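Below is one structure, written out as structure tokens; comments come after it.
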Amino acid sequence: MSNKVILVVLDGLAYETAQQCMGFLQGLAEQGRATLYKVQCELPSMSRPLYEAILTGVAPVDSGIVHNHIIRNSNQQSVFSLARQAGLTTAAAAYHWFSELYNRSPYDAVRDRFTHDPEQLIQHGIFYHQDNYPDSHLYLDAEWLRVQHDPDFLLVHPMNIDDAGHRAGLDSAHYRNTTRHSDTHLSTHLQQWIKQGYQVLVTADHGMNVDKSHGGTLAEERDVPLFVIGEGFSHDPTAQPTQLELCGTVCQLLGLKDHAKPVATSLLSGGTQIEHLDNGSAGA
Ligand SMILES: [Zn+2]
């Protein structure tokens, strides 16, 4: 089993839309190769606070990243910092807010858009700063990083679903079709990732409402999907992972020790739960 992890965060994808429109991922689930969970996002249901929540396991009220316009580095341990401390390789194809949280802040497109710097927490990055940057290109950016740099941890973060929701709302053909398109792009690359044994998580930061926004407590704003793919997972349908457990769960899959982050233990296979704690012994 590979200890390498790919985390896909589909910005702004509500649970129900994922359930109905992600045909390829649901096909994997039907064949027993993926499991879909419903996860409730932290509050406020906004992007930058929840990027931090997913990557650090710390709620916005505690991290201080409480809205989208707090432009500074994270002051928490994250998947990126913990992976780097263990000597692992990190990469991200993501919105520039990730560069601001974990690399340099504020974002300078000329300096930061293409990042290849072993001293940064995200060592290999391709960052974008327009919400309509095509998901098709974003997935190719991610795949280029994966093939070129063979990262232990790769973050993949497309924005078009959220952008469609802001333009047309939750209950719209545009939002649903953008989700279907993202599923199709993802299917092209997922086949390869599965073949190579990656542990893959596909989730969202928050959902979307019919007012073309998000931020509050409506089910459609808070309920997000979590698809898991790979031998590192238990695929136990009764598991109830939380958003704040994603960070620790990824750390566990990466074989990191002493990360002190909450873990969704029931989400993990026996090997990932225990043997990785003994420094990733073989056969896990
Ligand atoms: Zn949004």
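Quick one: how many residues across segment 155-206 are closer than 26 Å to Cys247 by Cα and in contact with a Cys (Cβ under 6 Å, 6 or more places away or on another chain)?
Qualifying residue count for the region: 2.
Could you run through segment 179-204 and say how many residues are of a type in the set (Val, Ile, Thr) and over 24 Å from Glu42 (Cβ atoms)? Steps first, please.
If we filter segment 179-204 for residues that are of a type in the set (Val, Ile, Thr), which is where we start, we get 179, 184, 188, 194, 200, 202-203.
Now restrict to residues that are over 24 Å from Glu42 (Cβ atoms): 184, 188, 194.
Total satisfying the criteria: 3.
Checking the condition open to solvent by 20 Å² or more (accessible area, probe 1.4 Å) and either of a type in the set (Asp, Glu) or under 23 Å from Ala18 (Cβ atoms) (or both), which residue from Asn75, Asn68 passes? If you could, list the steps in order and put the result at the bottom.
Numbers: Asn75 fails: either of a type in the set (Asp, Glu) or under 23 Å from Ala18 (Cβ atoms) (or both).
Selected residue: Asn68, the only one of Asn75, Asn68 that is open to solvent by 20 Å² or more (accessible area, probe 1.4 Å) and either of a type in the set (Asp, Glu) or under 23 Å from Ala18 (Cβ atoms) (or both).
Checking the structure you have, find out if any residue of segment 168-176 is touching a residue at least 12 places away in the same chain (Cβ under 8 Å) and hydroxyl-bearing (Ser, Thr, Tyr).
Narrowing segment 168-176 to residues touching a residue at least 12 places away in the same chain (Cβ under 8 Å): 168-171, 175-176.
Narrowing further to those that are hydroxyl-bearing (Ser, Thr, Tyr): 175.
Yes.
Looking at Gly165, is it on the phi > 0 side of the Ramachandran plot, modelled with pLDDT of 95 or more and either open to solvent by less than 10 Å² (accessible area, probe 1.4 Å) or not basic (Lys, Arg) (or both)? Show your work before the answer.
Working: on the phi > 0 side of the Ramachandran plot: no; modelled with pLDDT of 95 or more: yes; either open to solvent by less than 10 Å² (accessible area, probe 1.4 Å) or not basic (Lys, Arg) (or both): yes.
No: the conditions fail for Gly165.
How many residues are away from the ligand (no atom under 16 Å from the Cβ) and either free of Cβ contacts under 8 Å to residues at least 40 places away in the same chain or over 23 Å from Asn209 (Cα atoms) (or both) if we restrict to segment 26-56? Let's see the steps before the verdict.
To start, the set of residues in segment 26-56 that are away from the ligand (no atom under 16 Å from the Cβ) comprises 26-40, 55-56.
From the residues that got through so far, the ones that are either free of Cβ contacts under 8 Å to residues at least 40 places away in the same chain or over 23 Å from Asn209 (Cα atoms) (or both) too are 26-35, 55-56.
Number satisfying all stated conditions: 12.
Quick grid of which residues meet (1) open to solvent by 50 Å² or more (accessible area, probe 1.4 Å); (2) under 27 Å from Val250 (Cα atoms); (3) away from the ligand (no atom under 16 Å from the Cβ):
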{"position": "Ser136", "(1), (2), (3)": "no, yes, yes"}
{"position": "Leu145", "(1), (2), (3)": "no, yes, yes"}
{"position": "Gln148", "(1), (2), (3)": "yes, yes, yes"}
{"position": "Leu154", "(1), (2), (3)": "no, yes, yes"}
{"position": "Asn160", "(1), (2), (3)": "no, yes, no"}
{"position": "His174", "(1), (2), (3)": "yes, no, no"}
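Here is a list: Pro262, Pro241, Pro237, Pro225. Which entry is within 23 Å of Leu190 (Cβ to Cβ) and open to solvent by 50 Å² or more (accessible area, probe 1.4 Å)?
Working: Pro262 fails: within 23 Å of Leu190 (Cβ to Cβ); Pro241 fails: open to solvent by 50 Å² or more (accessible area, probe 1.4 Å); Pro225 fails: open to solvent by 50 Å² or more (accessible area, probe 1.4 Å).
After ruling out the rest, the residue left standing is Pro237.
The values are calculated or read from the model by the stated rules, or taken from the named source; none is laboratory data. As the structure is a computational prediction, the values presented were derived from the model and not from experiment. Cβ sites come from the backbone with ideal geometry, for glycine too, and all protein chains shown count toward neighbours. For the accessible areas, the whole protein counts, side chains as well, though only heavy atoms, and no ligand, DNA or RNA atoms are used. Shrake-Rupley method; radii C 1.70, N 1.55, O 1.52, S 1.80 Å.
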